[in-house]
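Notes follow the structure.
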Amino acid sequence: MINIQYLPGTLSESEQSVVTTGFTKLSEEQHAPTYSETFIKWIGKDDEDELRAALTAKVLWDWLYLDELWVCPSNRGKGLGRALMHSAENYAATHSLQGIWLWTQSWQAADFYNHLGFEEFTRFPNFPKDHERIGLRKFLTNDPTQT
């Protein structure tokens, strides 16, 4: 009999090792591509070396996942966010990635991403309550089904 327990917090190192090994074995049995993620970032600093903008991302398989895009309020509306996104898209294209995807919230920047050619692929209503979480993507290949 399996005894299920509720415990706050994350898995211990040894528990996480068991789970990771299990997922890896299942993926290998299914001949899935090897999972890997590479963390990358673009940062913008002013002449005083103060951080004014940042874009953090991960390469997951053959897609670029944009984690965070932040521009200092005093630098917004001046093209800095667009420049960061252009840098990320150039990276994805030169590394032959299929596309770029991200999550945003209804109070954030969905229109900004739409103007850059991103399309909505999912929307979670009431996440959080009275707001929505929006999934956006941009294919960099001519054929989205191309592998």
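The values are calculated or read from the model by the stated rules, or taken from the named source; none is laboratory data. Note that the structure is a prediction, hence the values are computed from the model and not measured. Note that we place each Cβ from the backbone using ideal geometry, even for glycine, and neighbour counts take in every protein chain shown. What goes into the accessible areas is simple: the full protein's heavy atoms, side chains included, and nothing from ligands, DNA or RNA. Shrake-Rupley method; radii C 1.70, N 1.55, O 1.52, S 1.80 Å.
Computed from point charges on the beta carbon alone (+1 for Lys and Arg, -1 for Asp and Glu), the dipole magnitude for region 20-61 about its Cα centre is near 260 Debye. The alpha-carbon positions of region 1-81 define a convex hull whose volume is 184 Å³ per residue. Placing unit charges on the Cβ atoms only, positive for Lys and Arg and negative for Asp and Glu, gives region 29-92 a dipole magnitude near 260 debye about its Cα centre. Against the chain, whose longest principal axis is taken from its Cα atoms, helix 80-94 shows a tilt of about 60°.
Rounded to the nearest whole Hz, the Karplus-based 3J(HN,Hα) values (6.51 cos²θ - 1.76 cosθ + 1.60, θ = phi - 60°) of region 26-40 follow the sequence 4, 4, 5, 4, 8, 6, 6, x, 4, 7, 8, 9, 10, 8, 9, with x at glycine and proline. Under a model in which nothing but the beta-carbon of Lys, Arg (+1) and Asp, Glu (-1) is charged, the chain shows a dipole of about 300 debye around its Cα centre. Accessible area per residue was computed with a 1.4 Å probe on protein heavy atoms; His115 scores about 150 Å². When region 2-58 is described by a simple charge dipole with +1 on each Lys and Arg Cβ and -1 on each Asp and Glu Cβ, the residue from Thr34, Val18, Asn3 located farthest towards its positive end is Asn3.
Taking all protein chains together and a 1.4 Å probe, the residues Ile40, Ile100, Ile4 rank Ile4, Ile40, Ile100 from largest to smallest accessible area.
Looking at the chain, the accessible area is 74 square angstrom per residue; that uses a 1.4 Å probe and ignores ligands, DNA and RNA. Counting only residues at least eight positions apart within a chain, or on another chain, the lysines with an alpha carbon under 16 Å from that of Lys45 are Lys78.
Per the Cα gyration tensor, region 65-147 maps to an equivalent ellipsoid with semi-axes of 22, 19, 9 Å, ordered largest to smallest. To put it simply, the accessible area of the chain at a 1.4 Å probe is 53 percent carbon and sulfur. Taking the Cα atoms of the chain, the ratio Rg/Rh between the radius of gyration and the Kirkwood radius comes to 1.05. Of Leu64, Leu97, Leu26, the residue with the greatest mean-square motion in the GNM of the chain, using alpha carbon springs below 10 Å, is Leu26.
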